[in-house]
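Okay, structure first, notes after.
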Amino acid sequence: MEALYQYIIFDLDGTLIKSEEGLYDSITYALEKSGVHPGDRKDMKRMIGPVLWESFQKFYNMSAEEADLANAYFNEAYDKEGLYNASVYEGVEDMLQTLRNAGRILLVVTAKPRDMAERVLNHTGIDQYFQAVIGPAREDKKTDKGSLLRKALSFLANTGTDHFQKEQAVMVGDRMFDMEGAVETGIHSIGVLYGYGDRQELLRAGATWLADTPADVVKLLCRESL
């Protein structure tokens, strides 16, 4: 019997890697260089998920020009040190290996600039599991998970994947942006509860399934029907 989900699309931060310390350090650097008091680090959790250029404006009342500069400061710090302050969540590599061995096709879709995401994946040693990494270019100021997921589905449909059907794709992520993107593009989603979102956020955003651990993700994805 064919698996219900053949194409597994993963978010990066909060789903595959535990990255908050490197992100918080880089955000703090960007804010301080911009003359903005960083405030409580725990409040920076809201910055993980959406595009930073927009979040600097939304959460720190920056103008577009100020956000441009803050984003450049963030990139400076993250490129130098921040991206190396990340680790793979316990159980994630086992999850990826099991899914790949089961013949699933794995992708990463992230709002993090693609080149940064690729470097993080390479640094943490899990880049080998993914057929593609979809993310914005650094100069892209506005993007969303829906548009990135459409790029991922187009990639799958146009790269020789046999008998591709959108209904066999599923988004795995930890924030409402991942779930909303899945709803927008008409695919199912799995919200993981070990990342930066919570049960209420994920369900409200339309998560099809919830998983407490990477092992629970495997249990969902390796069942023939749900």
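The values are calculated or read from the model by the stated rules, or taken from the named source; none is laboratory data. The model shown is predicted, which means the values in this text are computed figures rather than measured ones. Counting neighbours? That spans all protein chains shown, and the Cβs are built from the backbone with ideal geometry, glycine included.
Taken over region 9-43, the criterion of being over 15 Å from Asn71 (Cβ atoms) and in contact with a Phe, Trp or Tyr (Cβ under 6 Å, 6 or more places away or on another chain) is satisfied by Gly14, Leu16, Lys18, Arg41.
Report yes if Glu20 is surrounded by 16 or more Cβ atoms within 10 Å (Cβ to Cβ) and farther than 23 Å from Tyr194 by Cα, otherwise no. The answer is no for Glu20. Restricting region 171-200 to residues that are within 24 Å of Ala86 (Cβ to Cβ) and surrounded by fewer than 17 Cβ atoms within 10 Å (Cβ to Cβ), the residue that is modelled with the lowest pLDDT is Asp198.
Among the residues making up region 1-40, those that are within 16 Å of Asn85 (Cα to Cα) and either in a helix (DSSP H, G or I) or of a type in the set (Val, Ile, Thr) (or both) are Thr15, Ile17, Glu20, Glu21, Gly22, Leu23, Tyr24, Asp25, Ser26, Ile27, Thr28, Tyr29. Considering region 104-134, the residues that are among the small types (Gly, Ala, Ser) and without any contact (Cβ under 8 Å) to a residue 40 or more places away in the chain include one that is nearest to Ala182 (Cα to Cα), namely Ala132.
Could you check, for region 42-53, whether at least one of its residues is out of contact with any strand residue (DSSP E or B) (no Cβ under 7 Å at 6 or more places or on another chain), more than 17 Å from Asp144 (Cα to Cα) and among the β-branched types (Val, Ile, Thr)? The answer is no, given that none of the residues of region 42-53 is out of contact with any strand residue (DSSP E or B) (no Cβ under 7 Å at 6 or more places or on another chain), more than 17 Å from Asp144 (Cα to Cα) and among the β-branched types (Val, Ile, Thr).
Taken across region 77-98, residues that are under 23 Å from Ile27 (Cα atoms), free of Cβ contacts under 8 Å to residues at least 40 places away in the same chain and surrounded by fewer than 14 Cβ atoms within 10 Å (Cβ to Cβ) do occur, with at least one present. The residues of region 130-177 that are touching a strand residue (DSSP E or B) at 6+ places or on another chain (Cβ under 6 Å), among the β-branched types (Val, Ile, Thr) and within 17 Å of Leu4 (Cα to Cα), listed by number, are Val170, Val172. For the condition of a type outside the set (Val, Ile, Thr), within 18 Å of Leu31 (Cα to Cα) and without any contact (Cβ under 8 Å) to a residue 60 or more places away in the chain, Gln57 qualifies.
Just to be sure, is Ile27 buried (at least 23 other Cβ atoms within 10 Å of the Cβ), under 18 Å from the mean Cα position of the chain (by Cα) and within 30 Å of Cys222 (Cα to Cα)? When the stated conditions are applied, Ile27 does not pass them.
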